[in-house]
Amino acid sequence: MGVNTPESTTRTEEYGKQASSYTKSILEGKNVWLQKDVSEADRYGRLLRIVWLDIPTNDMDDKEIRTKMFNAHLVLNGYAEPSTYNPDVKYSEYFVKYAREAREANTGLWAYGENGTTKGDLDPKTTASINSSSSTSKSSTSSSSNSNSNNESSNNTSSSGTSEFFQNCTELRTKYPNGVPSDHPAYQAKMDRDKDNYACER
């Protein structure tokens, strides 16, 4: 929970096999402690849990998270990217911080480039549906134009030529709790992890 490892099952992403092997080497045959944030399971019925290798005395202490939490080990060692889905956000800031450390050190999947090898919270922002002419007109108009732009966003119509940007699914779900279809102005392909033309669905 809270992280996304590169695929190595039905499809294979760069560094997926290494992430899978690392997980097996650390967890196979071990006793672990599982912690729930808010959600019980995802829409596929998979349990959403934080995995602790040892019971923490303070589960919000940075040192304990770094040394005892397996989800954090994945991120710190470059085997996963942070992937936040509301309402399970307890450790999202830690995971983003750890991923930045791993990326700066070119650790694991970050050795393949600044975007890693799978989808996550550090992926670049995209505003693909705003064309250059509409961007130019917006930047050169007054605050009344900004007001119109806000109205267009709240109407959620892709025909308006605008897009709504959310950094991740956590942000998007604060406005659209059930996610958005591909023709919605807030849709981003990076948030459509199962490629079903629906982003951030539960």
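The values are calculated or read from the model by the stated rules, or taken from the named source; none is laboratory data. All values reported here derive from a predicted model rather than from experimental measurement. Glycine gets a Cβ as well: all are built from the backbone with ideal geometry, and neighbour counts include every protein chain shown. These area figures cover heavy atoms from the full protein model, side chains too; ligands, DNA and RNA do not enter into them. Shrake-Rupley method; radii C 1.70, N 1.55, O 1.52, S 1.80 Å.
At a probe radius of 1.4 angstrom, the accessible area of the stretch 1-98 per residue rounds to 54 square angstrom. Under a 5 Å amide H cut-off, with hydrogens placed 1.01 Å from N, residue 69 pairs with 53 among residues at least 5 apart or on other chains. Note on residue 46 and residue 93: with the Förster distance fixed at 25 Å, the Cβ-Cβ geometry gives a FRET efficiency of about 0.60.
Given R0 = 22 Å, the distance between the Cβ atoms of residue 111 and residue 10 translates into a calculated FRET efficiency of 0.35.
Between the alpha-carbon centres of the stretch 171-202 and the stretch 1-79 there is a gap of 24 Å. Note on residue 34/residue 175: beta-carbon distance plugged into 1/(1 + (r/R0)^6) with R0 of 25 Å gives a FRET efficiency of 0.20. The modelled label-to-label distance for the pair residue 26/residue 196, using points 7 Å beyond Cα in the direction of Cβ, is 2.9 nm. Cross-linked pairs 30/125; 68/175; 17/175; 30/63: Cα-Cα separations exceed 32 Å for 30/125; 68/175; 17/175. Peptide packing: for 178-186, 26-34, the average count of neighbouring Cβ atoms within 10 Å per residue gives the ranking 178-186, 26-34, highest mean first.
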